[in-house]
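The values are calculated or read from the model by the stated rules, or taken from the named source; none is laboratory data. Values in this document were obtained by computation on a predicted structure and should not be read as measured data. Cβ atoms come from the backbone with ideal geometry, glycine included; neighbour counts cover every protein chain shown.
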Amino acid sequence: MAATEIQGTCANGFEAVKDTFAASFAGDLEVGAAVAITIDNEPVVDLWAGHADHARTRTWERDTIANFYSTTKGVVALLAHRLVEEGRIDLDAPVSRYWPEFAQAGKQTMPMRHLLNHKAGLAAVAEPLPMDALYDWAAMTTALARQEPWWQPGTAHGYHAVTYGWLIGEVMRRVTGKSVGTYLREEIAGPLGLDLWIGLPASEDSRCADLAAPQLAPVEGEPNLLELIMRDPESVTGKAFMNPPALMMPGTVNSRAWRGAEIPGANGHGSARSLARLYGAVASGGDLSGVHVLGPQQARIAATEEARGTDLVLHMSTRVGLGFMLSQPHASFAPHEGAFGHPGAGGSVAFADPATRMGFGYVMNRMGSHILIDPRAQALINAAHSCVRPRS
């Protein structure tokens, strides 16, 4: 097989990133992918290669976009913290201040921060939901408002794999009068020319990469989520990934219904370049091209550790901030503290590192099985940090 041609640009001093990217293709670890890095809001890496489909009939182009699963959560968190910064959301106010119907099943006083730090105990809906509820905003938010927490809120954390987006998104909708996707487009993506979407228009389908179905295959040293789900489908882990059942149906991720819906915990679409620019703005002071994204003080609050230890949904140790994942012992955004972002199922990841003023984005269409940061992404992250040093 001929070597895959790596397209794009790479600044002097960042050759290690390009070499690492090329090595994944040479080792047949990728079908199609893109990686981008900014430093001080300037692009230093913008690379893409491979194919947008697994039959290898469509070349991955400069404007190819991909679903980046839970990397979406970080984008949503940035939007929510922007509203906190503006004084429109109070992290310690009860959710019911903004969403009165939420005050059911003992949730009357639950603070907003529990929705962001995965301590709400609302990682799943217990009642069986119909297949199409996945695409029905009102159905999901109504079910979550009725849901009793699976554990005492604030006492433990558990990954809100998909419910996170509806919970944060409904508060945002009540506060702004706009859906999450509309707010992203009108307030950030549109003004900055970012190719980021939550709710992808059909007009963009032709340039969207096709992903394989999400995999929960076992990985050495990590819990076997598929086994845990099958062993007890009524558990919070089982319900988090299987209710509504369309979540795990083959073909869901490439369907028009999935792409067009707003599922802010999992169905963001876009480019590595745009993710890097968004996080790069936050890492470099908070502004980009005259648009304010998120200031340093609020970014520090967002990146403050809120929970560490055994995750009640993932059954492994995790470390989380307010809406963001933080570096883990074996899944790190940086070799130093302060970096924050979010990985997505299968391998995508994006983060900000204020210490190096770096924004990083990686998207792909060959799904890996690691629960946190995929080895392909980790290798690129490590290569990026080998090329920069923290500022004093």
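Do we find a residue being surrounded by 21 or more Cβ atoms within 10 Å (Cβ to Cβ), free of Cβ contacts under 8 Å to residues at least 24 places away in the same chain, among the hydroxyl-bearing types (Ser, Thr, Tyr) and assigned to a loop (DSSP other than H, G, I, E, B) anywhere in the stretch 311-329? Scanning the stretch 311-329, I find at least one residue that is surrounded by 21 or more Cβ atoms within 10 Å (Cβ to Cβ), free of Cβ contacts under 8 Å to residues at least 24 places away in the same chain, among the hydroxyl-bearing types (Ser, Thr, Tyr) and assigned to a loop (DSSP other than H, G, I, E, B), so the answer is yes. Scanning the stretch 64-95 for residues that are in contact with a helix residue (DSSP H, G or I) (Cβ under 7 Å, 6 or more places away or on another chain), more than 19 Å from Gly321 (Cβ to Cβ) and not hydrophobic (A, V, I, L, M, F, W, C) yields Thr64, Asn67, Arg88. Residues in the stretch 315-357 that are polar (S, T, N, Q) and in contact with a helix residue (DSSP H, G or I) (Cβ under 6 Å, 6 or more places away or on another chain): Ser348 alone. The set of residues in the stretch 1-25 being under 23 Å from Val388 (Cβ atoms), assigned to a loop (DSSP other than H, G, I, E, B) and either aliphatic (A, V, I, L, M) or without any contact (Cβ under 8 Å) to a residue 24 or more places away in the chain (or both) consists of Ile6, Ala11, Asn12.
For the stretch 328-352, the set of residues classified as modelled with pLDDT of 95 or more and in contact with a Lys or Arg (Cβ under 7 Å, 6 or more places away or on another chain) consists of His342, Gly347, listed by residue number.
Among the residues of the stretch 252-291, those that are within 21 Å of Gly359 (Cα to Cα), aliphatic (A, V, I, L, M) and in a helix (DSSP H, G or I) comprise Ala272, Leu275, Ala276, Leu278, Ala281, Val282, Ala283. Would it be correct to say that Ala123 is of a type in the set (A, V, I, L, M), closer than 23 Å to Met248 by Cβ and outside any helix (DSSP H, G or I)? Here the answer is yes, as Ala123 does meet what is asked. Does the stretch 11-26 contain any residue that is at pLDDT below 95 and surrounded by fewer than 23 Cβ atoms within 10 Å (Cβ to Cβ)? So far as the stretch 11-26 goes, no, none of its residues is at pLDDT below 95 and surrounded by fewer than 23 Cβ atoms within 10 Å (Cβ to Cβ).
Among the numbered conditions (1) of a type in the set (A, V, I, L, M); (2) at pLDDT 95 or above; (3) not in a strand (DSSP E or B), the only one that Leu372 does not meet is (2). Among the residues of the stretch 346-372, those identified as within 14 Å of the chain's Cα centre (by Cα) and crowded, with 24+ Cβ neighbours inside 10 Å are Gly346, Gly347, Ser348, Val349, Ala350, Phe351, Ala352, Phe360, Gly361, Tyr362, Val363, Met364.
If I go through the stretch 26-63 residue by residue, how many of them are of a type in the set (A, V, I, L, M, F, W, C), over 25 Å from Arg357 (Cβ atoms) and part of a strand (DSSP E or B)? Step through it out loud before you land on a result.
Taking the stretch 26-63 and keeping what is of a type in the set (A, V, I, L, M, F, W, C), we get 26, 29, 31, 33-37, 39, 44-45, 47-49, 52, 55, 60.
If we keep only those that are over 25 Å from Arg357 (Cβ atoms) too, we end up with 26, 29, 31, 49, 52, 55, 60.
Those still in the list that are part of a strand (DSSP E or B) too: 49.
Looking only at that region, the number is 1.
The set of residues in the stretch 45-84 being surrounded by fewer than 19 Cβ atoms within 10 Å (Cβ to Cβ), charged (D, E, K, R) and on the phi < 0 side of the Ramachandran plot consists of Asp53, Arg58, Glu61, Arg62, Asp63.
Pairs meeting the criteria (first residue in the stretch 337-353 and more than 16 Å from Arg319 (Cα to Cα) and of a type in the set (Ser, Thr, Tyr), second residue modelled with pLDDT of 95 or more and buried (at least 24 other Cβ atoms within 10 Å of the Cβ), beta carbons under 8 Å, at least 6 apart or on different chains) are Ser348/Ala66; Ser348/Phe68; Ser348/Tyr69; Ser348/Thr71; Ser348/Tyr362; Ser348/Val363; Ser348/Met364; Ser348/Ala377. Among the candidates Ser327, Ser317, the residue that is over 15 Å from the mean Cα position of the chain (by Cα) and of a type in the set (Ser, Thr, Tyr) is uniquely Ser317.
Residue-wise test of (1) closer than 29 Å to Glu262 by Cβ; (2) within 23 Å of the chain's Cα centre (by Cα); (3) not aromatic (Phe, Trp, Tyr).
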{"residue": "Thr4", "(1), (2), (3)": "no, no, yes"}
{"residue": "Asp28", "(1), (2), (3)": "no, no, yes"}
{"residue": "Asp53", "(1), (2), (3)": "yes, yes, yes"}
{"residue": "Phe68", "(1), (2), (3)": "yes, yes, no"}
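Summed over the stretch 89-119, the residues that are buried (at least 18 other Cβ atoms within 10 Å of the Cβ), within 19 Å of Leu78 (Cα to Cα) and of a type outside the set (D, E, K, R) give a count of 10.
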